[in-house]
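The values are calculated or read from the model by the stated rules, or taken from the named source; none is laboratory data. From a predicted model like this one, the values you see are computed outputs, not experimental measurements. Here the Cβ is made from the backbone with ideal geometry for all residues, glycine too, and neighbour counts use every protein chain on show.
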Amino acid sequence: MKLTDVEVFVVGNPPPFFGGRYFVFVKLVTDDGIVGYGEVYAATFHPDVVAAMITDVAERTLMGESPFDVERLWRRAYSRGFTQRPDLSLQGVMSGLEIACWDIMGKSLGQPIYNLLGGRVHERLRTYTYLYPEPGDGTDVYVDPDLAARRATEEVDRGFTALKFDPAGPYTAMGGHQPSLARIELTVEFLKKIRDAVGSRADLLLGTHGQFTASGAVRLASQAEPFDPLWFEEPTPPDDVAGMARVARQTSIPIAAGERLTTKGEFARLLEAGAVSILQPNLGRVGGILEGKKIAALAEAHNAQIAPHLYCGPIVGAANIQLAVCSPNFLLLEGIRDWSGFHAELLQTPITWEEGYVIPSTEPGLGVALDEGVARSHPYAGDELHLEMADRPIDEADPI
């Protein structure tokens, strides 16, 4: 069996854009007609540039090769241009291609991917969601604690037992910085009102997306501790391993991080420094499914857990599910709400979600297939990136 063809789909995500402005999907085809799908979580270049990168890497590295040789193909890609170091964009590209190879392997053997990586450990996977706005909201759920508390109650009633929110923004390219007293007070109000609303029915996940200095994150964490969040996510910029470790030493809240990291090497640095107890690999960025399994094994050796990250499309979601099912140290799975909406439309058979849990598919490969008709009918025509942040320093005197 040899890989013979590659195709890229750059899909515009319709409003309200939950999961980002667009998704980048990959299709690989073998000489005996087996199709595999992957997804690239690459945010640093326009998706048309990413599509060209995917084609280049596939043609130079994968075409004419066996999809079973993922370790060798991965090392070849990792070493492109005499690099051999973590490269966010290259590893995003290789992640999507590698996921598609695993999809082909599973289909050719008639097995779900998790059966090729150690077998099923979990019969169902506990999930969490962000608190998202709804049509008709009179205020902004991201800055209105009362609305956030009502939305939290709705999500818990739907079946969720873990909820994420991040009132400590906004985000700037000029971080890290100290949180303002107003932002600390707003975060505390969110925690208090949501905890009062849901009680012990749900864990609270406090996100901050790496915008603070270590000392600023410690200040915020000290105010958050009475509400017992399950985690404090990315308290410092992702490259500040020492700072994140300092925060971990000075708070009782578990530290979670990893959505902006790639390869086992970067995750190893976090674990070695004692910076985290929960890793959040996104399989569309870290290097793919096998690299994700290695990261999970590193975490297991450090008695840490994994909570796969998802703020992209459903193919990465399906890959995350495959990893979670076969990982003893799985904690939580991120989804875009209950995996419905456009994420479900993009799949021939949607991911099954029941009362707060994903029920893993037993179908071969990823267990899902891209609906190419839907993907082709939603081309991305914008010029913005998947996510963006302010390119100026944050003036903490600005009103919230």
When the stretch 71-101 is examined, which residues are found to be more than 19 Å from the chain's Cα centre (by Cα) and of a type in the set (A, V, I, L, M, F, W, C)? Leu73, Trp74, Ala77, Phe82, Cys101
Just checking, which of Phe190, Phe232, Phe227 is among the aromatic types (Phe, Trp, Tyr), touching a residue at least 24 places away in the same chain (Cβ under 8 Å) and surrounded by fewer than 19 Cβ atoms within 10 Å (Cβ to Cβ)? Phe227
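Condition check ((1) touching a residue at least 40 places away in the same chain (Cβ under 8 Å); (2) under 28 Å from Ala100 (Cβ atoms); (3) β-branched (Val, Ile, Thr)) across all residues:
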position: Arg246; (1), (2), (3): no, no, no
position: Gln250; (1), (2), (3): no, no, no
position: Glu259; (1), (2), (3): yes, yes, no
position: Gly274; (1), (2), (3): no, no, no
position: Ile289; (1), (2), (3): yes, yes, yes
When you go through (1) farther than 25 Å from Tyr171 by Cβ; (2) exposed (fewer than 12 other Cβ atoms within 10 Å of the Cβ); (3) within 17 Å of the chain's Cα centre (by Cα) one by one for Glu388, which number turns out not to apply? (1)
Only one of Ile104, Ile99 is within 19 Å of Glu259 (Cα to Cα), in contact (Cβ under 8 Å) with a residue 60 or more places away in the chain, of a type outside the set (D, E, K, R) and out of contact with any Lys or Arg (no Cβ under 9 Å at 6 or more places or on another chain), namely Ile99
Taking the stretch 298-319 and the residues there that are aliphatic (A, V, I, L, M) and surrounded by fewer than 24 Cβ atoms within 10 Å (Cβ to Cβ), the one that is farthest from the chain's Cα centre (by Cα) would be Ala301
Name every residue in the stretch 182-211 that is at pLDDT below 95 and outside any helix (DSSP H, G or I), in order of residue number. Gly207, Thr208, His209, Gly210, Gln211
In the set Leu186, Leu163, which member is under 23 Å from the mean Cα position of the chain (by Cα), assigned by TED's automatic domain parsing to the domain that holds Pro328 and either within 21 Å of Ala256 (Cβ to Cβ) or of a type in the set (A, V, I, L, M) (or both)? Leu163
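Residue-by-condition table, conditions (1) surrounded by 17 or more Cβ atoms within 10 Å (Cβ to Cβ); (2) under 15 Å from Ala375 (Cβ atoms); (3) in contact with a Gly (Cβ under 8 Å, 6 or more places away or on another chain); (4) at pLDDT below 95:
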site	(1), (2), (3), (4)
Tyr41	yes, no, yes, no
Ala52	no, no, no, no
Thr55	no, no, no, no
Val70	yes, no, yes, no
Leu73	yes, no, no, no
Arg80	no, no, no, yes
Of the residues that make up the stretch 15-35, is at least one among the polar types (S, T, N, Q), surrounded by fewer than 22 Cβ atoms within 10 Å (Cβ to Cβ) and closer than 15 Å to Cys312 by Cβ? no
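The rows are residues; the columns are (1) in contact (Cβ under 8 Å) with a residue 60 or more places away in the chain; (2) touching a strand residue (DSSP E or B) at 6+ places or on another chain (Cβ under 7 Å); (3) among the β-branched types (Val, Ile, Thr).
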| residue | (1), (2), (3) |
| --- | --- |
| Val24 | yes, yes, yes |
| Val29 | no, yes, yes |
| Asp32 | no, no, no |
| Val35 | yes, yes, yes |
Kindly provide the set of residues from the stretch 58-96 that are assigned to a helix (DSSP H, G or I) and at positive phi, ordered by number. Gly81, Phe82
Going through Gln322, Gln305, Gln348 one at a time, which residue ends up being assigned by TED's automatic domain parsing to the domain that holds His122 and in contact with a strand residue (DSSP E or B) (Cβ under 6 Å, 6 or more places away or on another chain)? Gln305
Of the residues Val40, Val11, which is within 19 Å of Ile295 (Cα to Cα) and not assigned by TED's automatic domain parsing to the domain that holds Pro133? Val40
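One line per residue, one yes/no per condition, for (1) outside the structural domain of Lys293 (by TED's automatic domain parsing); (2) within 30 Å of Asp32 (Cα to Cα); (3) part of a loop (DSSP other than H, G, I, E, B); (4) among the acidic types (Asp, Glu):
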position	(1), (2), (3), (4)
Trp102	yes, yes, no, no
Gly119	no, yes, yes, no
Gly138	no, no, yes, no
Arg151	no, no, no, no
Asp157	no, no, no, yes
Gly175	no, no, yes, no
Can you name every residue in the stretch 340-367 that is closer than 25 Å to Leu163 by Cβ and in contact (Cβ under 8 Å) with a residue 40 or more places away in the chain? Gly341, Phe342, His343, Leu346, Trp353, Glu354, Glu355, Gly356, Tyr357, Val358, Ile359, Pro360
Looking at the stretch 367-377, is at least one residue at pLDDT 95 or above, among the small types (Gly, Ala, Ser), assigned to a loop (DSSP other than H, G, I, E, B) and exposed (fewer than 15 other Cβ atoms within 10 Å of the Cβ)? yes
